[in-house]
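Step one of this worksheet: look at the structure below.
Nothing in this text is a laboratory measurement; each read-out follows from the coordinates by a stated rule. These figures come from a predicted structure and were not determined experimentally. Quick reminder, even Gly has a Cβ in these numbers, built from the backbone with ideal geometry, and neighbours come from all protein chains shown.
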There are 2 protein chains.
Amino acid sequence: MKLNDTFTHDFLYSQKDVEDFARVTGDNNPVHINAEYAATTMFKVPIMHGMLGAALFSKILGTLFPGEGTIYLGQNIQFLKPMYAGKTYQAVLTVKEINLEKNRAVIETKIIDPETQKATTVGEANVMNVNVIK
Amino acid sequence: MKLNDTFTHDFLYSQKDVEDFARVTGDNNPVHINAEYAATTMFKVPIMHGMLGAALFSKILGTLFPGEGTIYLGQNIQFLKPMYAGKTYQAVLTVKEINLEKNRAVIETKIIDPETQKATTVGEANVMNVNVIK
């Protein structure tokens, strides 16, 4: 893992995933799980939990890039645009800073809509990993 | 909702919740779901996904405080200490800034271990809510 390394990962959550996420976390906000309610909002259709998108960063950092041994120290997230179940998005992670002494890295974390190439979510992760970074 | 208003919410995730979260998000990092593997790490026992704790903020902001109509604009999170399934924690949210013109608020988001009174997770949420803040 070195500066400016980039990792991309396509993903799609189903509406069933959104419902499961709502059940596990207790976040039953109807804008995510009730199409009739969502129709009355500015979103018109159900939107994914922003945190379900952000959970992808946890998956990638912990299992793929850098992977096993990662300790998640922090995450900044801006939810820029609504995201929808059943649609493919792309997570793009880029190494922005490496501190070899402390085994730490700062990784830019974005989610892109492949159709528009616009970011739906941007932010930065702080991670530590003794296995991989060193 | 006014400046310095505080909302507290006790919660507990079961190991089944952690497993469901792992399945839904794809974050199968064994430190969360495999006790034998966890025993080989600095944590010794399985730890919760930090993002599962953070998902609590999504639940609270979207359904309880301020509740319905909340649009989640952003979240900063620092994962300070590991958290464990089967243990009760307390989320503490405090209103730090209100912008009535834009219907926006900045809310401090903490998770406290009630036994030690120490924070396991700290951060800030940015939210918009046309129903409640105005």
With T = 10 °C, eta = 1.306 mPa s and Kirkwood Rh from C-alpha pairs, the Stokes-Einstein D of the stretch A:35-94 in µm²/s is about 119 µm²/s
With angles folded into 0 to 90 degrees, how steeply does helix A:50-63 sit against the dominant principal axis of chain A? Use alpha carbons for both and round to 10.
30 degrees
Grab the DSSP H runs of chain A that are 4 residues or longer, score each as -39,500 (n - 2.57), total them, divide by all residues and round the 222 nm result to the nearest 500 deg cm²/dmol.
-7000 deg cm²/dmol
Treating the beta-carbon of each Lys and Arg as +1 and of each Asp and Glu as -1, no other charges, what is the dipole magnitude of the protein assembly as shown about its Cα centre, to the nearest 20 debye?
360 debye
Point-charge dipole on Cβ atoms (K/R +1, D/E -1) for the stretch B:6-129, about Cα centre, debye to 20:
140 debye
Rg [Å, one decimal], Dmax [Å, integer] - the stretch B:6-129, C-alpha atoms
15.4, 53
In a Gaussian network model over chain B where Cα atoms closer than 10 Å are linked, find which of B:Leu93, B:Leu73, B:Leu56 has the largest mean-square fluctuation.
B:Leu73
Which single residue of chain B puts its beta carbon nearest to the axis of rotation relating B to A, and what distance, in whole Å, does that give?
B:Asn76, 2
In whole Å, what are the Cα extents of the protein assembly as shown along the three principal axes, biggest one first?
50, 48, 32
Taking chain B as the reference, fit the longest principal axis to its C-alpha atoms, fit the long axis of helix B:15-25 to the helix C-alpha atoms, and give the angle between the two in degrees, 0 to 90, nearest 10.
70 degrees
